[in-house]
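Engineer: Below are the structure tokens for one structure; questions will follow.
The values are calculated or read from the model by the stated rules, or taken from the named source; none is laboratory data. Just so it is clear, the model here is predicted, and its values are computed rather than measured. As a convention, Cβ positions derive from the backbone with ideal geometry for all residues, glycine included, and neighbour counts pool all protein chains shown.
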Amino acid sequence: MAKELRVGVVGCGFMGRAHSNAYRRLNNFFPVEHRAVLKVICDSELAKARKFVEVWGYERAESDWREMVEAPDIDLVDICVPNIAHRDIALAAAANGKMVCCEKPLAMNVAQAEEMAAAVEKAGVANMVWFNYRRVPSIALAKQIIDEGRIGRPFHYRATYLQDWTISPDVPQGGDALWRLDLSVAGSGVTGDLLAHSIDTAMWLNGPITRVVAKTETFVKERVHAVSGKVQPVGIDDACMFLAEFSNGSMGTFESTRYARGRKNFNTLELNGAGGSVYFDLEEPEYLQFFEYQQLQSGKKAESHLTGWRKIHTTNSEHPYMKHYWVPGTCIGYEHTFLNALADFVMGIESGQPTQPDFRNAVETQKVCDAVIESARTGQWVATGVKL
Ligand code: SOE
């Protein structure tokens, strides 16, 4: 008989939905031993949680996460609330012996992130941070290609993460919908919200970032606060660019903004090495582009009159995750990145080989985020202290 994985989710927003969908679909697509059971959805607004029960099929709604993390019928606490609340919920869940999965970024800063990693380690509970883009099959394929040695010595890593939804000065800050614009709730702007994804992916693909130099900008200096109704200074970074050095000797550029008109969720990466390059663009997530300069087996130069970038349609059963879905040539979507992450987490529990990124790993991404913010403040290169 299947073991139950009884889930309690805190937060009914965008991520609450994305994760709920993953729990509901897990056993339809992945042959894991555990059966996900949607037990509790928790939101400080009980009416919202009740609505969620109807839509997503949870067993009950609650308004106090403190009760939920103590409930004996919950195995896994999943944190989908604004960053300011991550630490307290994670610490309480771990103290109650629950597994903990947390939305990114792990915390408001490194100090909190370290505390959270220590708490889950002390409790000995399984844990994961939802850096879902690692689970895009094309990005996982890039990882495979890099690990196979097909890129050779890496020289350049290039990441962009661009959006455009905060350009209007009339967009308020704060509250349920716009907490990402409120420094006291989010911890930072695009650095924690968007670049954390790029940094996590970059260090997964290309190893530790050792030091950074950054420039941030806040284009709209004041906004009405959605809760207080008062005009308040904006503290977040609206845009951030930074240069990075990797421990493998390659260099990186990272750019993120919410002011790139027309760019909705433009997330790209490119890695150039002596033996080849890979390029990924989230607007065409089912493709990975690969340029092969040197053949892996023979070591021979592959360039000829037929040379060109290969646009790999990452939909074959040989490609990461794809054998769990449809027939070759058919695509999966954004929501499946969460499903893939959940499946990896559950397989990690079952195999005894915990999946990554866990809290400890996400502390390293947080270190880079904090170093970026510090560098933007001082104008100096800042060592990240990353240990991977
Ligand atoms: C912000 O708009 C946001 O929703 C991020 O918070 C997510 O992490 C990102 O994947 C999409 O954009």
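Engineer: When only residues in the range 104-128 that are farther than 22 Å from Val185 by Cβ and not small (Gly, Ala, Ser) count, which is nearest to the ligand (Cβ to nearest atom)?
Structural biologist: Met128
Engineer: Please pick out the residue among Ala18, Ala22 that is under 19 Å from Ala343 (Cβ atoms) and surrounded by fewer than 22 Cβ atoms within 10 Å (Cβ to Cβ).
Structural biologist: Every option except Ala18 fails the conditions.
Engineer: Can you pull out the residues in the range 333-357 that are touching a His at 6+ places or on another chain (Cβ under 8 Å) and either assigned to a loop (DSSP other than H, G, I, E, B) or among the acidic types (Asp, Glu) (or both)?
Structural biologist: Once the filter is applied, which keeps residues that are touching a His at 6+ places or on another chain (Cβ under 8 Å) and either assigned to a loop (DSSP other than H, G, I, E, B) or among the acidic types (Asp, Glu) (or both), the range 333-357 yields only Glu350.
Engineer: Can you find a residue in the range 187-203 that is within 14 Å of the ligand (Cβ to nearest atom) and over 30 Å from Leu141 (Cα atoms)?
Structural biologist: Within the range 187-203 (the criterion being within 14 Å of the ligand (Cβ to nearest atom) and over 30 Å from Leu141 (Cα atoms)), the answer is yes, since at least one residue qualifies.
Engineer: On to the next question. Here are some conditions: (1) over 22 Å from Leu194 (Cβ atoms); (2) surrounded by 20 or more Cβ atoms within 10 Å (Cβ to Cβ). Gln380 meets all but one. Which one does it not meet?
Structural biologist: Result: Gln380 passes all but (2).
Engineer: Under 9 Å between Cβ atoms, at least 6 apart or on separate chains: pull out the pairs that start in the range 3-14 with a residue that is under 14 Å from Ala85 (Cβ atoms) and not assigned by TED's automatic domain parsing to the domain that holds Ala47 and end on any residue that is of a type in the set (Ser, Thr, Tyr) and within 16 Å of the ligand (Cβ to nearest atom).
Structural biologist: Pairs found: none.
Engineer: Then there is this: Would you check if Ala239 is within 19 Å of the chain's Cα centre (by Cα) and in contact (Cβ under 8 Å) with a residue 40 or more places away in the chain?
Structural biologist: yes
Engineer: Here's a check for you: in the range 132-169, which residue that is among the small types (Gly, Ala, Ser) and within 16 Å of the ligand (Cβ to nearest atom) is farthest from the chain's Cα centre (by Cα)?
Structural biologist: Here the residue is Ser168.
Engineer: Shifting gears a bit: Between a first residue in the range 38-57 that is on the phi > 0 side of the Ramachandran plot and a second residue that is modelled with pLDDT of 95 or more, which pairs have beta carbons less than 6 Å apart while being 6 or more apart in sequence or on different chains?
Structural biologist: Correct list of pairs: Gly57/Leu38.
Engineer: With respect to Lys323, determine if the residue is of a type outside the set (A, V, I, L, M, F, W, C), farther than 30 Å from Thr384 by Cα and not in a helix (DSSP H, G or I).
Structural biologist: On the way: of a type outside the set (A, V, I, L, M, F, W, C): yes; farther than 30 Å from Thr384 by Cα: yes; not in a helix (DSSP H, G or I): no.
No, not satisfied.
Engineer: Within the range 45-64, how many residues turn out to be over 20 Å from Phe345 (Cβ atoms) and in a helix (DSSP H, G or I)?
Structural biologist: 10
Engineer: While we're here: Restricting attention to the range 242-283, which residues are away from the ligand (no atom under 14 Å from the Cβ) and in a loop (DSSP other than H, G, I, E, B)?
Structural biologist: Hits for the range 242-283 are Ser247, Asn248, Gly249, Ser250, Arg261, Gly262, Ala274, Gly275.
Engineer: Looking for something touching a helix residue (DSSP H, G or I) at 6+ places or on another chain (Cβ under 8 Å), part of a helix (DSSP H, G or I), at pLDDT 95 or above and not assigned by TED's automatic domain parsing to the domain that holds Glu45 - is there at least one such residue anywhere in the range 215-228?
Structural biologist: No.
Engineer: Which of the residues belonging to the range 350-371 are farther than 16 Å from Thr201 by Cα and either in contact with an Asp or Glu (Cβ under 8 Å, 6 or more places away or on another chain) or buried (at least 21 other Cβ atoms within 10 Å of the Cβ) (or both)?
Structural biologist: Of everything in the range 350-371, those that are farther than 16 Å from Thr201 by Cα and either in contact with an Asp or Glu (Cβ under 8 Å, 6 or more places away or on another chain) or buried (at least 21 other Cβ atoms within 10 Å of the Cβ) (or both) turn out to be Glu350, Asp370, Ala371.
Engineer: Suppose we keep only residues that are assigned to a helix (DSSP H, G or I) and away from the ligand (no atom under 14 Å from the Cβ) within the range 170-186. Which one would you say is surrounded by the most Cβ atoms within 10 Å (Cβ to Cβ)?
Structural biologist: Ranking the candidates gives Leu183 first.
Engineer: Identify, please: which residue in the range 82-103 is crowded, with 24+ Cβ neighbours inside 10 Å and within 15 Å of the ligand (Cβ to nearest atom) and is, among those, farthest from Val372 (Cα to Cα)?
Structural biologist: Once the filter is applied, the top-ranked residue is Cys101.
Engineer: Looking at (1) without any contact (Cβ under 8 Å) to a residue 12 or more places away in the chain; (2) crowded, with 20+ Cβ neighbours inside 10 Å, can you tell me which one Val129 breaks?
Structural biologist: (1)
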